[in-house]
1. Could you check how much of the accessible area of the chain is carbon and sulfur, as a whole percent, using a 1.4 Å probe?
2. Within 10 Å of each candidate Cβ there may be at most 14 other Cβ atoms; applying that plus a DSSP loop requirement, which GluC sites (Glu not before Pro) in the range 1-70 survive?
3. Given the -39500 (n - 2.57) contribution per DSSP H run of 4+ residues, what per-residue ellipticity at 222 nm results for the chain, rounded to the nearest 500 deg cm²/dmol?
4. Can you compute the label reach from Arg20? Point 7 Å from Cα along the Cβ direction, backbone N cut-off under 15 Å, restricted to the range 55-84.
5. Out of Ile279, Gln216, Tyr239, whose Cα points farthest toward the positive end of the dipole of the range 182-283 (charges: +1 Lys, Arg; -1 Asp, Glu; placed on Cβ)?
6. What residues have an amide H closer than 5 Å to that of Ser113, excluding those fewer than 5 places away on the same chain, when H is modeled at 1.01 Å from N in the peptide plane?
7. Of Lys139/Lys192; Lys77/Lys255; Lys21/Lys139; Lys6/Lys105; Lys77/Lys108, which pairs sit farther than 28 Å apart, going by alpha carbon to alpha carbon?
8. Please list, short to long, the whole-number percent of alpha-carbon pairs of the chain in consecutive 5 angstrom bins beginning at zero.
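The values are calculated or read from the model by the stated rules, or taken from the named source; none is laboratory data. Keep in mind that what you see is a predicted model, and the values were worked out from it rather than measured. Neighbour counts run over all protein chains shown; Cβ positions are idealised from the backbone, glycine included. Note: accessible area is taken over every heavy atom of the protein model, side chains too, but ligands, DNA and RNA are not part of it. Shrake-Rupley method; radii C 1.70, N 1.55, O 1.52, S 1.80 Å.
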Amino acid sequence: MERKRKVIITVAPVGAIPTRKDTPYIPITPEEIAEETFRSYQAGASIVHLHARDPGTQKSSIDIDLFKASIERIREKCDIIIQISTGGGAISLDLSPEMRLRPVKELKPEMASLNAGSFNFGRMGIFNNPPETIELFSKSMREWGVIPEFEIYDIGMIENVKSLILERNLIEPPLQFSLVLGVMGGIPATPKTLFFMVESLPERSRWQVISIGRLQFSMGTMGILLGGNVRVGMEDNIYLSKGVLAKSNAELVEKMVKIVRALDLDVATVDETRSFLNIPSRI
Ligand code: KMH
Ligand code: ZN
């Protein structure tokens, strides 16, 4: 019997933007972020994309101790794969590339995000990721043994990865991509744009769909049907369905798990995801 394909679900529980004004259910403190991550793991997520928040102001933070506190608590509970954001708060906090990399340098997670180009991030300002930053992040992550996940907000950023990274052998393929659809200023979320992005990826790439807002589930499903993986979580979308706030990130994961199973596919366990991504087991 043919084996069912395993779909990797990443959870992004908090991000840099939503606050308690947007949803009372957003986790802010390390304890809350760890608990939400654990519940999402129990529901079927095998990777967590992590940001840190200042518990006093709720604002995005790159404080190593806050990241460390979340990671230690997550590690006490489960072996979910940890991916630290290198983009969080880059615009609002006006951070240098070195500052953005510090949590990765100090804490050496299994993965980290690597934003593959500059653009107007909605009305927040310019998300500044020039070629030198992309190169610095790639070389540093390679040196530290951290797997980069290239965040792609528009088609030209795939070409950035090809010319800046692949053609110069900075990172060994296969590469891991997030196709981010629906950020204002980036590529919109439509079937056509998703097909175009997928077709433009380098051969053998691994990829997931991140769709912002209410299309998280429909565009995510389309990505799964095209052979990709998917990210859900309050960083990208706070609604379970139209007008209904998700009460936890685990609810968003549970809904995606149901979709995967309804498509007669399986959800990848942490061990399976580690073996797909060549990440050694923690035991
Ligand atoms: N917030 C998402 C649209 C990052 O943290 O480096 C993209 C993201 C990037 O997750
Ligand atoms: Zn993020």
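1. It is 51 percent, rounded to a whole number.
2. Passing both the DSSP loop test and the Cβ count: Glu2.
3. Here the helix-only value at 222 nm equals -11000 deg cm²/dmol.
4. 55-60
5. Of the listed residues, the answer is Tyr239.
6. Hits under the 5 Å cutoff: Ile84, Ser85, Thr86, Glu149.
7. Lys139/Lys192; Lys21/Lys139; Lys6/Lys105
8. Taking every Cα pair in the chain, the percentages come to 1, 6, 13, 18, 21, 19, 13, 6, 1, 0, 0.
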